[in-house]
Every structure is written in structure tokens, then in C-alpha cells.
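Undergrad: The structure follows.
The values are calculated or read from the model by the stated rules, or taken from the named source; none is laboratory data. Worth saying up front: this structure is predicted, and the values here are computed from it rather than measured. Here the Cβ positions follow ideal geometry from the backbone for every residue, glycine too, while neighbour counts run over all protein chains shown.
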Amino acid sequence: MLLQERFKRVKAYAGVILIQFGFAGQGILAKTALNQGMSHFTFSVFRNGIAALVFAPFAIFHERKVRPSMTISIFFKIFMMGLLEPVIDQNLYYAGMKYTTATFAITLSNIVPALIFIMAWISGLEKVKLNSRHSQGKILGTIVTVGGAMVMTLFKGPPLGLPWTKQTSLHQSSSATTSPYPHDSLKGALMISAGCICWASFTILQAVTLKEYPAELSLTALICGMGSLQGTILTLAVERGNFGIWSVHWDTKFITALYSGVICSGVAYYVSGVIMQERGPVFVTAFNPLGMILVAVLSSFILSEQLDLGSVLGAIVIVTGLYLVIWGKSKDETSCNKIIDKDEEATAANDLEMTTKDDDGISVPGGKLPSHNTTAV
């Protein structure tokens, strides 16, 4: 039993780490595709449409016996999840990335765990005791995380040129990695922050929906399909008459949409849903700083992005706050496990006492049977 619990814990950690590797690759590809002029509206539509097409067959056959029936309440939740994450969050996030960098975007998205904690607290999914050190750590971590986001947004500072970025920038002209959009950290940060609020809301709603509809593959396919449909309507309304954005070619834009759809929408939604049912929504987003580090390294090599002092200081503050939240969360889980262990021990003791009753139905303390004298008197 202990080995099985450890294996489940290792799977949960491996799952969230793999998600961060997937998001890191997507951040680099997305920034490259956006620099090449890809519309973030059609990007979102293609990404979620591909995810729905890939995962729908698996959902139909694998979960045909366990999939709950659809109700109006569940359909409304799926509609809202499709609107919050695939449509609003992704469009705001990619639009904000156009005006900043891939590193800035994924670093700022580290405020999501703090936002999820606040929303989970309000909705009752997260228990908070104000006189508990663990809860105080989570609250303080949330405040510090938001403060770090403000440092990133409002303070730029001097650039921290790395040797390889300096060399690349000397030879770099108008290439695929050069953004055609003016750099505007404040505008980009506001868009990304608004998207993060929608992402956090989506995660909370996903956790609630999985209790009523515990079919992860089906829910993934439905969310992506709904998001693609809603995104198509939005794109037709906003980009009216601009039919060129719908053209598909075998290039970086298509590869980015394919990768993002399968890995970041399909696999990430499914794996997050499975882990969320065991460890909760805060745990799923607790490893976001790993994605930030991966993107920072990759983007400096591939996209020649230069870090500035404000981004680095803000990232340090955000990660500090994030791990205060994680510390509080881990201590809560430890306390909860101790309570469960005590309950199991008490139950086992009661069972033992029931099985060691003597013939007259009297319980024997300590679970020891009395010795009966079988010799006739």
C-alpha cells in the first residue's frame, strides 16, 4: 500500500513537470509564429480544434461506459470553460506576448497559483485558518506573488545582456525571430494579467466540474471543441473580411498550432484533470517556475531575447511568494494525512476489539483472549 501511494505521488510530480516542458516549447513556438504575423485569433481556433479532433475518438471509445449523462448544469460549465480559457485567456495571453517577450509572458503567468488559491479559498475548495502558520504562509505568499508581478510590470531597469544574445543581436536583422510589434511592457502585462485571471477561473471551474463529470478525456474534448467553436465566432466578428488569416500552410504557424493543440490543450487539460482530482488545483500550477526557467534559457538562444533587471527581480519575488503558497499547501496536506492515519488506526483498533470478544460478548482490553480452563470441575 505504501509503495502504491509513493508511485501515485511520483506520477503526479512527473505529470506536472512534463506539462511545464510542454508549455516551455509552446512559448517559444508561439512567439516565433506571432512574430511571423500569425493571428492570435486563428491560432486559438486551430489549436483547440486540433485538440478536440485528436482527443474525441479516445474519449468516445475509452469512456463510453463511465461517461456521465450530460445535464444543463454540466453543459453550462463546459460552455464557460470554453469561453474562459481557450477563447479569452489564450487570445489575451498571445496578444500580450506580441508586445513583450516569451520569457516575460510565462514569468508573469506565475501569478496564476496565487490567483487560484484566492479563488479556491472564496469558493470553499481551499480551507484557510487565519490563526494557522500554514494558512498565513499561503496568504503572505499570495501577497508577495502579486507584488512581484507589479515589479515586473512597472520596473524595467537596465538590460542584462548575455554573451550569446549580444553576439546574435549584432547580426540579427528583420528575421523570423524579430517582433514586428512595438515593445510595450505595460500594455502586454495588463493583457497577460487579465488572461491569467481567466486561466485561474477556468482551473477552479474545472475542479468543480470534475466532481460532477469525472470523465477527463471527454471533458477535454468538449472544452476544446466548445472553445474552438466560440473562437471561430469571435474571429469572424473581429477579423471580418480578412480571410487570409484562415489560410493553412505547412510552416511554423501550422506546426505551432498542431503542437499547442495536442500537447498544451489536449494532453495538459487531461493530465491536469487527473492530477487535480487527487492533489487539488493549487498543486497543478505549483511548478510554473520551471517553465519560466526553461523559456528564459531557450528564448535567449533561439529568439535572442534580452532580460532586464526588472524582469529578473520580479521573477525572484514571484517565485518566493509562490513557494510560500506551496509550503503552506504541503503542510496542510501533511496535517490532513496525519488525521487520516489516526482515523485509520482508530478504525483498525475497533475492528480488532470486535473480533476479540469472548464468548459472553464482553470486550477484552488489549485484544487478548482469556484463557479458558477446559478441565471439568
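Undergrad: For residues that are modelled with pLDDT of 80 or more and outside any helix (DSSP H, G or I), scanning just segment 147-190, find the one that is surrounded by the most Cβ atoms within 10 Å (Cβ to Cβ).
TA: Selected residue: ASP184.
Undergrad: Quick one: which helices (runs of 4 or more DSSP H) lie wholly within segment 266-333 and hold at least 3 residues that are over 18 Å from the mean Cα position of the chain (by Cα)?
TA: Qualifying helices (runs of 4 or more DSSP H): 288-302.
Undergrad: So, one more: Of the numbered conditions (1) part of a helix (DSSP H, G or I); (2) buried (at least 21 other Cβ atoms within 10 Å of the Cβ), MET38 satisfies every one except a single condition; which is it?
TA: Result: MET38 passes all but (1).
Undergrad: Restricting to segment 203-246, count the residues that are in contact with an Asp or Glu (Cβ under 8 Å, 6 or more places away or on another chain), surrounded by fewer than 22 Cβ atoms within 10 Å (Cβ to Cβ) and assigned to a helix (DSSP H, G or I).
TA: Going through segment 203-246 one residue at a time, the tally reaches 2.
Undergrad: What do you reckon, is ALA51 modelled with pLDDT of 90 or more, part of a helix (DSSP H, G or I) and surrounded by 23 or more Cβ atoms within 10 Å (Cβ to Cβ)?
TA: yes
Undergrad: So, one more: Check whether at least one residue in segment 84-100 is crowded, with 21+ Cβ neighbours inside 10 Å, farther than 24 Å from TRP250 by Cβ and among the charged types (D, E, K, R), and report yes or no.
TA: Within segment 84-100, one or more residues are crowded, with 21+ Cβ neighbours inside 10 Å, farther than 24 Å from TRP250 by Cβ and among the charged types (D, E, K, R).
Undergrad: Going by the structure shown, is ALA200 among the aliphatic types (A, V, I, L, M), buried (at least 19 other Cβ atoms within 10 Å of the Cβ), within 17 Å of THR71 (Cα to Cα) and in contact with a helix residue (DSSP H, G or I) (Cβ under 9 Å, 6 or more places away or on another chain)?
TA: no
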